Amino acid sequence: AQSVTQLGSHVSVSEGALVLLRCNYSSSVPPYLFWYVQYPNQGLQLLLKYTSAATLVKGINGFEAEFKKSETSFHLTKPSAHMSDAAEYFCAVKTGGTYKYIFGTGTRLKVLA
Amino acid sequence: DVKVTQSSRYLVKRTGEKVFLECVQDMDHENMFWYRQDPGLGLRLIYFSYDVKMKEKGDIPEGYSVSREKKERFSLILESASTNQTSMYLCASSLARGTDTQYFGPGTRLTVL
């Protein structure tokens, strides 16, 4: 069975500092992995996705994530946080033979001025 | 751009009422999904549909039913609303299986009194 674990339900960083949001997955077959962002009172928006091409995936708004099979991780990073990055971030996993996406419990990012 | 719309952003209902949540997508997607989102629990799948009139239970279908009479429309029905169904409800759609991204609506915040 697939699962996703996001370490840290709340993360605070200073403006301009590195953003690192952690995601570990469990899957018995090669997974597809996604990061979504949710701004207050909005639905989820795709940031980036891994689909077995390049292990380093670049997304929107300067975010990127690296797929590490040996660590079963797909951590999200951004070199320099901006106030507008304050939001909730969700990691999700899916396998090719299923319809279902499994979501983590989310990490709320706070950016301090 | 894919657009997923939900009939209401905010809804207040009484215990025991029948509640309809409507979702419409405009990109001819085969798959549609209903999730509920609760703090600390992430997104949990209620039902999904992979074709007109086809549906499958997700992880928490109890107390809910769905209807998909047309490809673009997917309805979530609470037969007899209860206070523990107070939540944010998110609709999503995607193309067929594989690596395809889910596109989300803005959500309906339902309060059951």
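The values are calculated or read from the model by the stated rules, or taken from the named source; none is laboratory data. Computed from a predicted model, the values in this text were never measured in an experiment. No Cβ is skipped: glycine too gets one built from the backbone with ideal geometry, and neighbour counts run over all protein chains shown. Only protein heavy atoms, including side chains, enter the accessible area calculation; ligands, DNA and RNA are left aside. Shrake-Rupley method; radii C 1.70, N 1.55, O 1.52, S 1.80 Å.
Scanning the stretch B:8-52 for residues that are more than 11 Å from B:PHE74 (Cα to Cα), in a strand (DSSP E or B) and more than 10 Å from every other protein chain (Cβ to nearest Cβ) yields B:LEU11, B:VAL12, B:LYS13, B:VAL19, B:ARG36, B:ILE46. Residues in the stretch A:20-31 that are open to solvent by 50 Å² or more (accessible area, probe 1.4 Å) and either free of Cβ contacts under 8 Å to residues at least 40 places away in the same chain or in a strand (DSSP E or B) (or both): A:LEU20, A:ARG22, A:SER26, A:SER28. All conditions but one from (1) at the interface with chain A (Cβ under 9 Å from one of its Cβ atoms); (2) open to solvent by less than 40 Å² (accessible area, probe 1.4 Å); (3) farther than 25 Å from A:PRO40 by Cα apply to B:SER94; the one that does not is (3).
The set of residues from the stretch A:75-89 being open to solvent by less than 10 Å² (accessible area, probe 1.4 Å), within 14 Å of chain B (Cβ to nearest Cβ) and free of Cβ contacts under 8 Å to residues at least 60 places away in the same chain comprises just one member, A:ALA87. Scan the stretch B:60-108 for residues that are hydrophobic (A, V, I, L, M, F, W, C), within 14 Å of the chain's Cα centre (by Cα) and assigned to a loop (DSSP other than H, G, I, E, B) and the total you get is 1.
When B:ASP59 is tested against (1) within 30 Å of A:LEU109 (Cα to Cα); (2) touching a residue at least 60 places away in the same chain (Cβ under 8 Å), just one condition goes unmet, and that condition is (2).
For the stretch A:10-19, the tally of residues that are surrounded by 13 or more Cβ atoms within 10 Å (Cβ to Cβ) and within 14 Å of the chain's Cα centre (by Cα) stands at 2.
Of the residues making up the stretch A:90-108, not a single one is part of a strand (DSSP E or B), in contact (Cβ under 8 Å) with a residue 24 or more places away in the chain and away from chain B (no Cβ under 14 Å).
Annotation: of all residues in the stretch A:4-36 being in contact with a Phe, Trp or Tyr (Cβ under 7 Å, 6 or more places away or on another chain) and not aromatic (Phe, Trp, Tyr), the one that is nearest to A:VAL57 (Cα to Cα) is A:LEU33.
Let's see how each residue does on (1) surrounded by 20 or more Cβ atoms within 10 Å (Cβ to Cβ); (2) polar (S, T, N, Q); (3) away from chain B (no Cβ under 11 Å):
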position	(1), (2), (3)
A:PHE34	yes, no, no
A:LEU46	no, no, no
A:THR55	no, yes, yes
A:ILE60	no, no, yes
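Consider B:LEU76 carefully, then state whether it is modelled with pLDDT of 90 or more, over 21 Å from A:LEU47 (Cα atoms) and out of contact with any Cys (no Cβ under 6 Å at 6 or more places or on another chain). In short, yes.
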